[in-house]
């Protein structure tokens, strides 16, 4: 049971964090429907699409995905200048660090459990 919760928690957290990021693209909609809305949606959701790609990788290979989530966290922190005083951006970036750590933690526990069975 413990392994099942640890298996699903990073996946669910990543999906919720991606949906939270995509929520910010709702400001693209205006009264008039133009092709600029599609460009605006694409530009606003580009980071979310990258994180979706990382989640797909992490679903198959947990260790690589965990490392990629931690790299995405650090890249987002530098991009949003979190370490220079923009601590509000940490709210957006912190779930990806937690997700990466959970993927790595589950992968290590799974390997340890597999080695003990042999």
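The values are calculated or read from the model by the stated rules, or taken from the named source; none is laboratory data. Since the structure is predicted, the reported quantities are computational estimates derived from the model, not experimental observations. Note: ideal-geometry Cβ built from the backbone for every residue, glycine included; neighbour counts use all protein chains shown.
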For this session: Identify the single condition in (1) under 30 Å from residue 3 (Cα atoms); (2) touching a residue at least 12 places away in the same chain (Cβ under 8 Å) that residue 45 does not satisfy, given that it satisfies every other one.
Result: (1)
Exercise. Any chance region 12-27 includes a residue that's on the phi > 0 side of the Ramachandran plot and either surrounded by 11 or more Cβ atoms within 10 Å (Cβ to Cβ) or not in a helix (DSSP H, G or I) (or both)?
Worked result: no
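For region 87-104, which positions are surrounded by 12 or more Cβ atoms within 10 Å (Cβ to Cβ) and free of Cβ contacts under 8 Å to residues at least 24 places away in the same chain? I'd like the intermediate steps shown before the answer.
Initial filter on region 87-104 (surrounded by 12 or more Cβ atoms within 10 Å (Cβ to Cβ)): 89-90, 92-104.
Residues satisfying the conditions are 89, 90, 93, 94.
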Exercise. Can you tell me which residues in region 1-11 are surrounded by 14 or more Cβ atoms within 10 Å (Cβ to Cβ) and either within 15 Å of the chain's Cα centre (by Cα) or farther than 23 Å from residue 100 by Cβ (or both)?
Worked result: 9, 10, 11
Problem set entry | Members of region 55-103 that are more than 26 Å from residue 7 (Cβ to Cβ) and part of a loop (DSSP other than H, G, I, E, B) | 80, 81, 85, 86
Seminar exercise, completed: Counted residues in region 60-82 being surrounded by fewer than 17 Cβ atoms within 10 Å (Cβ to Cβ), touching a helix residue (DSSP H, G or I) at 6+ places or on another chain (Cβ under 6 Å) and modelled with pLDDT under 90 come to 1
